[in-house]
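The values are calculated or read from the model by the stated rules, or taken from the named source; none is laboratory data. Here the structure is a predicted model, which is why all the values come from computation and not from measurement. Cβ placement follows ideal geometry from the backbone for every residue including glycine, while neighbour counts extend to all protein chains displayed. We work out accessible area using only protein heavy atoms, side chains counted, and drop any ligands, DNA or RNA first. Shrake-Rupley method; radii C 1.70, N 1.55, O 1.52, S 1.80 Å.
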Amino acid sequence: MLSSAGCKRLKTGAGEDFAKRYSCPEDRVEVRARTDVKWGTVVLGGRSPEAPPAEVKDDPGRLAKWNADRAEKDAETRKRLDDLDVFQVSGCGHDELVACAHPADGDGVATDRVVCFQGPQRARP
């Protein structure tokens with residue numbers, strides 16, 4: 001069951017979120033869908049791998065288990081993140097990637113609302 005009266009496009013929500021965050025008039029905000037970008041890669045791609053504890057690092061069997069557990073956790077996280085729609089949003093001197101979705105509520109998905117998440121900051125070309 002859907003709990004909303006209307007459906008807000010994710011692209012619209014991305015522009016509104018950006019405009020509010022940067023006090024940028026919406027007519028100066030450009031939003032472009034980035035179907036070529038996976039959010040899991042944006043979020044997880046540039047991070048340093050976690051180092052195992054010394055007692056695990058020195059035991060090959062435990063190190064193999066530790067690595068397998070981390071790989072499984074990362075794969076699950078990446079799959080959830082990759083389900084988000086990615087947009088490149090720019091305006092008022094800012095340029096960033098954001099991922100957006102319709103949030104869940106008690107009755108299903110609230111398609112009249114959009115939540116967006118900022119990616120790591122990057123230099124403007």
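Structure above, values below:
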read-out: Residue match in region 89-98 (condition: free of Cβ contacts under 8 Å to residues at least 24 places away in the same chain, out of contact with any Leu (no Cβ under 7 Å at 6 or more places or on another chain) and loosely packed, with under 14 Cβ neighbours inside 10 Å); value: no
read-out: Per-region count, region 10-46, residues exposed (fewer than 13 other Cβ atoms within 10 Å of the Cβ) and either in contact with a Leu (Cβ under 6 Å, 6 or more places away or on another chain) or outside any strand (DSSP E or B) (or both); value: 9
read-out: Selection from region 25-61 of residues that are touching a strand residue (DSSP E or B) at 6+ places or on another chain (Cβ under 7 Å) and within 27 Å of Asp83 (Cβ to Cβ); value: Val29, Glu30, Val31, Arg32, Ala33, Arg34, Val37, Trp39, Val42
read-out: Some residue of region 113-120 being more than 28 Å from Ser23 (Cα to Cα) and open to solvent by less than 40 Å² (accessible area, probe 1.4 Å); value: no
read-out: Count of region 47-63 residues which are in a helix (DSSP H, G or I) and either of a type in the set (Lys, Arg) or open to solvent by less than 60 Å² (accessible area, probe 1.4 Å) (or both); value: 5
read-out: Hits in region 64-88 (condition: open to solvent by less than 60 Å² (accessible area, probe 1.4 Å) and touching a helix residue (DSSP H, G or I) at 6+ places or on another chain (Cβ under 6 Å)); value: Trp66, Leu81, Asp82, Leu84, Val86, Phe87
read-out: Selection within region 11-65 - farther than 21 Å from Arg78 by Cα, of a type in the set (Ser, Thr, Tyr) and out of contact with any Cys (no Cβ under 8 Å at 6 or more places or on another chain); value: Thr12
